[in-house]
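Please read the structure below before turning to the comments.
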Amino acid sequence: MKNYLLTALSLLLMTTITQAGHHEAEEAKAETETIIGTVFSDDGTANPLVAGEPALQQIWVDYIQAHNDRDLAKIAAINAEDWAGYLPDGNIVKGNEAHIEFLDAWFKSSDNPSWEVKWMVANSGSSNGEAMEHWLTTGNDITFTDSDGNEVKENHVHDVQFVGSKIKRINVYSRPASDE
């Protein structure tokens, strides 16, 4: 009986220590990840959206500068091979090579587009219990010349998905800039 009681107490003590260690690990993880929002899975389950990797911001700044410099080689080097761009007009450009061809034609046109980064927010989340996705949501102004020769300014929001240091996907949302 004494051995049985000693074994039971030992198991209880080990379980308590293990459980305490588990909670400490979860608390430490929660302290290092700042929850900034929610991402929903396909079934509506809410999952935490956390502050993302700030280093992605410099990649975006360099990417936009490469656009302004018309440096197609640098843009291609930052793009993932399976790059995809979802444009405000509903068109989709798929693949790094297709993106570079699209930009080359646009840069050679009279539109003369130029961009200015206004703000950025890095975020990470998993919507369907899969691997964490890393995104950068950015506000950018684009200025270009329309077909009548007028300068036009639009406000764009880009949701940019990163895989490592490569840009995999960009969702572009647009509205005309106001005079205010």
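Of note:
- All told, Trp135 meets the bar of being within 23 Å of Gly37 (Cα to Cα), touching a residue at least 24 places away in the same chain (Cβ under 8 Å) and among the hydrophobic types (A, V, I, L, M, F, W, C).
- Here Glu101, Glu81 are screened, and the one residue that is of a type in the set (Asp, Glu) and farther than 17 Å from Ile59 by Cβ is Glu101.
- Applying a threshold of 8 Å to beta carbon distances and a minimum spacing of six or more residues, or different chains, the list of pairs starting in segment 166-180 at a residue that is within 13 Å of Glu81 (Cα to Cα) and ending at one that is among the charged types (D, E, K, R) and surrounded by fewer than 15 Cβ atoms within 10 Å (Cβ to Cβ) reads Lys168/Asp82.
- Segment 105-117: number of residues that are loosely packed, with under 13 Cβ neighbours inside 10 Å and acidic (Asp, Glu): 1
- Selection status of Asn123, modelled with pLDDT of 95 or more and polar (S, T, N, Q): yes
- Extreme residue, nearest to Tyr86 (Cα to Cα), among residues of segment 134-152 that are buried (at least 16 other Cβ atoms within 10 Å of the Cβ) and more than 15 Å from the chain's Cα centre (by Cα): Ile142
- Restricted to segment 37-104, the set of strands (runs of 3 or more DSSP E) holding at least 2 residues that are free of Cβ contacts under 8 Å to residues at least 40 places away in the same chain and surrounded by fewer than 16 Cβ atoms within 10 Å (Cβ to Cβ) comprises 92-94.
- Residue list for segment 153-164, restricted to those being farther than 18 Å from Ile100 by Cβ and either within 11 Å of the chain's Cα centre (by Cα) or surrounded by fewer than 15 Cβ atoms within 10 Å (Cβ to Cβ) (or both): Lys153, Asp159, Gln161, Phe162, Val163, Gly164
- Filter result for Gln65 (modelled with pLDDT of 95 or more and under 17 Å from Glu133 (Cα atoms)): no
The values are calculated or read from the model by the stated rules, or taken from the named source; none is laboratory data. Fair warning: this is a prediction, and the values are worked out from it, not measured in the lab. Cβ sites come from the backbone with ideal geometry, for glycine too, and all protein chains shown count toward neighbours.
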